[in-house]
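Okay, structure first, notes after.
The values are calculated or read from the model by the stated rules, or taken from the named source; none is laboratory data. Treat the numbers as computed from the prediction; the structure is a model and nothing was measured. Neighbour counts run over all protein chains shown; Cβ positions are idealised from the backbone, glycine included. Heads up: the accessible areas ignore ligands, DNA and RNA and are worked out on the full protein's heavy atoms, side chains in. Shrake-Rupley method; radii C 1.70, N 1.55, O 1.52, S 1.80 Å.
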Amino acid sequence: MGRACARRGDARATACAALGVALAVALPAATQQPQVQELDEVTVTARVARPLEDFVEFPRYDSVAISPGGTHVALGWTEDNFVRQVSVTEFPSMKPLHTQYLQIFLGVSDLRWANERQLLIQPDWPLHGFLRLRETLGSILFDDFDGRHLQQINPIPAGDLEPLEEQRQEEDASGRKKLNTLRTNNKNNGKQPEKPAEGPVRLIEARTGTPDEALFQTTRTDRAGDTDGYGAFRLSLQDGRQSRVALLPLPGGQIITGPEHRVALVCGVNAQNERVVYYLPPEARAAGKDWQLRVRSPSGERGLTPVAWTGNGEEYYALDGRQLPTRAVVVWNAADDTERVLYRDADVDMDSVSLDPKGMPWMFSGTGHFPVYWYPDPGHPLAQLHQALVQKAPREQVDVMNATDDLATAVVRVGSARRPPIFLLMDVASRSSLKGMYTYPKLHGTRLSPVDAIEFQARDGLRIRGYLTTPLDADDKPDRQRPLLVIAHDGPGDAPSDYRYEYERQLFASRGYAVLEVNHRGSSGRGVAFERAGDGKWGREVQDDYADAVRWAIQDGVAADGHVCFYGTGFGAYSAMTAAARAPDLFQCVVGVAGVYDLPDLYKEG
């Protein structure tokens, strides 16, 4: 079988679990400063293997954000693998103004400017037992650009509260009150709570149209139905005061704002595993009424996911996988539950959206073998910038992360499977790079191994895709007949492998191993039929896809027969063990990390 190079569009997801921590500590100013380089073309010079530490160290930068007026740049960066900082510099001089150390192991999940002076940070924390697998913490830090007014919202440890189980009754058999989220009238809705937000919180909007306000939500509530400290809140960045604007019908759901940044929609998965969308019409709010259930998709079915207001009435951009072979971009009217399809790719699910500073979508993307982009307005300045960069670097993954309000300057992340990402500060009009930050500066200029997109036919005829990383020989050509390492993604339906940079691929390839990653049947991104092809087949056909991939690699001459190891985490660990049990002569080594091996127990406990 032949190979075809490809790119993928969305980042690899990671597993999450609830952890509680204290969030930030005030330490003296950092002795080091983030490294900002004038960009140059990559000149590959290193022919010897880099030290292992150069591959496994944490990325130097995890986030870069430019202020609305373009006068400051904030950078989340790491001095070593354990201590991270948030630094603020002037722009365009990049003169350091302030550095805030974070608690050891703490990182930055989300970094946004609310206005020209104030910065909001949503931290993350490593999953227990792992440094690289991280979860977003339910707290928000906000600070002035000079670091003089660091404050924190809701340091309550996650895990002290239980996820809400949606109830249909007013009270249970014992008479204890239960929160009924399906009521049309909630007497507590709209009332100001007696205490600040309770439980984990999540940032919704940093720029709400009011310079000194941000919008956030709680993500859980307690089983007793206490509503006093829960809901969607406006945060005053001047004095830290909170005011609730709505209770939420789905505590873990995603909030979408509508006209005048009002809380309008909540979407997500309820306790019955149904995908739901709730709508809060303006007239209902004025009458003191509650949320209206607009969309309910049965358990296991694809649903409707609103992503942003269109700027017109009660219409919203949404991603819709209902009764369609692949997920489409639609305009959905929340008032009458009607929609019209704007774009659908025949082979790839559209699954992500990029927003400009006003919260308007300028690009949708999907993740097949090649990335699929669609621009609602191709003339939008950020769409024009993105199209120019993709045309210039067709094998690179290009993400416009954020921009100034006037769209004059943007932060762009560019990288590929063979090149670690670079954060660029770019002039939008001229499409020229102003400054750059290398996420793995020690690997800059290193000759990394090629990563090819592959496709082969499984034993039942289904076309399976994946990625193959091959070491280079002395003549800089892909080496053949190498020991093979199969790396399984977690899932089963989540986190398919893509064409973004992954340190494991390059680490093992630098030591002479070929690396094979397989997006087995049931993996997301290729439409409902391929996703459903894995249902009820986790222990059979899904694992046979891995065995068929290894046999393909051996027949193609890439892998050495009798020198194959299978490695995975989570569901990937289950795949490693199961595939090896089904084809014991094919694998000589199996490594399972934090695996799930008892599915009935997982169903009962997880």
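Leaving out ligands and nucleic acids, note down the accessible area per residue over segment 502-557 with a 1.4 angstrom probe, in whole Å².
31
Please compute the modelled spin-label separation between Ser352 and Ser243, points set 7 Å along Cα→Cβ, answer in nm with one decimal.
About 3.6 nm separates the two model spin labels.
Using θ = phi - 60° and the Karplus curve 6.51 cos²θ - 1.76 cosθ + 1.60, what whole-Hz ³J(HN,Hα) does each residue of segment 558-572 get, with Gly and Pro shown as x?
Along segment 558-572, the couplings run 6, 9, 8, 4, x, 9, 10, 10, 10, 9, x, 10, x, 4, x Hz.
What does the accessible area of Met577 come to, in Å² to the nearest 10, when a probe of 1.4 Å is used?
80
What is the spin-label model distance, in nm, from Lys95 to Arg340 if the labels are put 7 Å beyond Cα along the C-beta direction?
5.3
Across segment 227-240, in residue order, what do the Karplus-derived ³J(HN,Hα) couplings come to in whole Hz, using 6.51 cos²θ - 1.76 cosθ + 1.60 with θ = phi - 60° and x for Gly and Pro?
These are the phi-based 3J(HN,Hα) values: 10, 5, x, 10, x, 9, 10, 8, 10, 7, 7, 7, 10, x Hz.
Once you have the Cα-Cα distance between Gln555 and Thr210, take 0.36 nm times their residue separation minus that, and quote the gain in nm to one decimal.
Roughly 118.0 nm would be gained on extension.
Can you tell me how much longer the chain between Asp473 and His149 gets when fully stretched, taken as 0.36 nm per residue apart minus their C-alpha distance, in nm with one decimal?
Gain on stretching Asp473 to His149: 111.1 nm.
Once you've got the Cα coordinates, tell me which of Lys392/Lys442; Lys95/Lys358; Lys392/Lys435 are over 23 Å apart.
From Lys392/Lys442; Lys95/Lys358; Lys392/Lys435, over 23 Å: Lys392/Lys442; Lys95/Lys358.
Can you give me the pair-distance distribution of segment 376-456, C-alpha pairs, 5 Å bins, whole percents?
Pair shares across the bins are 3, 14, 23, 23, 15, 11, 7, 4, 1, 0.
Roughly speaking, to the nearest percent, how much of segment 339-474's 1.4 Å accessible area is carbon and sulfur? Present the calculation step by step, with values, prior to reporting the outcome.
Details: 2600 of 5340 Å².
Carbon and sulfur: 49 percent of the exposed surface of segment 339-474.
With each pseudo-label sitting 7 Å past Cα toward Cβ, what's the Lys442-Ala408 distance in nm, one decimal?
Modelled inter-label distance: 4.0 nm.
In terms of the ratio Rg/(2.2 N^0.38 Å) built on C-alpha atoms, what value belongs to segment 94-156?
Against the compact-globule rule of thumb, the ratio is 1.20.
Give me the percent of the accessible area of segment 550-606 that comes from carbon and sulfur atoms, probe 1.4 Å, all protein chains in place.
Carbon-and-sulfur percentage of accessible area, whole number: 54.
May I ask you to give the solvent-accessible area per residue for segment 356-497, in square angstrom, as obtained with a 1.4 angstrom probe?
Per-residue value: 38 Å².
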